[in-house]
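Visitor: Starting off with a structure, shown below.
No lab work stands behind these numbers, since they all come straight from the coordinates. Because the structure is a prediction, the values reported are computed rather than measured. As a convention, Cβ positions derive from the backbone with ideal geometry for all residues, glycine included, and neighbour counts pool all protein chains shown.
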Amino acid sequence: MNSISSFRKAVVLLSGGIDSATTLAVAKKEGFAPYAITFHYGQRHSREVKYAKTVAKTIGAEEHLILDINLRAIGGSALTDDIEVPRDRSSIGEDIPATYVPARNTIFLSYAMGWAEVLGTGDIFTGVSAVDYSGYPDCRPEYIDAFEKMANLATKAAIEGKKFRIHTPLISLSKGEIIKKGLSLGVDFSLTHSCYDPRPDGKACGRCDSCQLRLKGFREAGAEDPVAYVDR
């Protein structure tokens with residue numbers, strides 16, 4: 001059996017959704033020893049942390065770090081404030097919706113960068129996609145390039161020669177293509193959670209951007225979504 005030291009370590013951002021679960025599986029497939037990092041940031045759909053724990057264990061993260069940070073104190077988003085979650089939008093991807101969380105990916109990647117430096121690696125994986133997404137500016141390739149450049153200017157490790165690389169294996173894939181890739185890698189999507197506004201019984205609403213994109217992706221992939229919905 002190969003030891004952890006036989007593989008390159010990589011920090012993988014893990015939310016418990018389709019994209020991050022697939023990204024964790026990709027990192028594993030590419031020969032990395034994945035160290036998953038998840039955030040309980042005051043989001044209304046905090047059950048995603050529970051799903052992230054299951055995904056990390058099932059796919060085989062070497063370690064799973066869960067951090068508590070309070071973005072609800074800042075607010076400004078339907079996910080962290082008393083703002084209604086948009087439903088039944090026909091303009092997904094055409095504007096920046098109320099579910100955008102100010103600076104979220106920058107904050108998450110900064111924590112991942114710090115942990116990666118401690119672990120002695122420059123490899124960070126994130127499941128952002130610039131194809132089927134809600135229009136968030138911090139999912140774009142130019143943003144990832146800028147963050148990677150910043151990481152290589154801001155850290156002791158990079159200055160001493162261990163350069164950072166932000167891996168985005170899904171960035172040019174549609175949701176359907178992401179689901180197909182995940183299925184080919186054995187990802188059990190029944191263990192994932194995507195809904196922005198789940199019901200108390202755990203059922204997904206079926207009407208928020210995230211649910212609509214997920215359902216569209218499964219249709220395109222020719223597969224059945226295994227999670228329960230209030231309204232498909």
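Visitor: Helix 18-29: angle to the longest alpha-carbon principal axis of the chain, degrees 0 to 90, nearest 10?
Guide: For 18-29 against the chain, the angle is about 30 degrees.
Visitor: I need two numbers for the chain: Rg to one decimal and Dmax as a whole number, Cα atoms only, in Å.
Guide: Final numbers for Rg and Dmax: 17.0, 53 Å.
Visitor: Moving on. Restricting to bridges with both residues inside the chain, how much of the DSSP beta-bridge set is antiparallel, in percent to the nearest 5?
Guide: On the way: 1 of 19 bridges.
That works out to approximately 5 percent antiparallel.
Visitor: Working from Cα positions, state the angle (0 to 90°, nearest 10) between the long axis of helix 141-154 and the longest principal axis of the chain.
Guide: Approximately 30 degrees, to the nearest 10.
Visitor: Distance in nm between label sites at SER110 and ARG8, each 7 Å beyond Cα in the beta-carbon direction?
Guide: Output for this residue pair reads 2.6 nm.
Visitor: With axes computed from alpha carbons, what is the tilt in degrees of helix 47-59 against the longest principal axis of the chain, rounded to the nearest 10 within 0 to 90?
Guide: 50
Visitor: Quick check on packing: order 64-75, 9-20 by the mean number of other C-beta atoms within 10 Å, highest mean leading. All intermediate terms of the calculation are to be shown ahead of the outcome.
Guide: Numbers: 64-75: 13.8, 9-20: 25.7.
In descending order of packing, they fall as 9-20, 64-75.
Visitor: Measure out, as a whole number of angstrom, how far apart the alpha-carbon centroids of segment 55-86 and segment 143-177 sit.
Guide: What the calculation gives is 21 Å, centre to centre.
Visitor: Given the DSSP H assignment, sum -39500 (n - 2.57) over each helix run of at least 4 residues in the chain and divide by its residue total; what's the result at 222 nm in deg cm²/dmol, nearest 500? Present the calculation step by step, with values, prior to reporting the outcome.
Guide: Numbers: 7 runs with 82 residues, N = 232.
Only helices count here, giving -11000 deg cm²/dmol.
Visitor: By average Cβ neighbour count within 10 Å, what is the ranking of 77-89, 190-202 from highest down? Intermediate results must be reported in sequence, preceding the final value.
Guide: Working: 77-89: 16.0, 190-202: 17.8.
Taking the mean over residues of other Cβ atoms within 10 Å, the ranking is 190-202, 77-89.
Visitor: Evaluate segment 160-229: find the radius of gyration of its Cα atoms, find its Kirkwood radius, and give the ratio Rg to Rh.
Guide: On the way: Rg = 14.9 Å, Rh = 13.5 Å.
Taking Rg over the Kirkwood Rh, I get 1.10.
Visitor: Using a Förster radius of 35 Å, what is the FRET efficiency between ILE96 and LEU153 based on their Cβ-Cβ separation? Nearest 0.05, please.
Guide: Working from the Cβ atoms, E equals 0.80.
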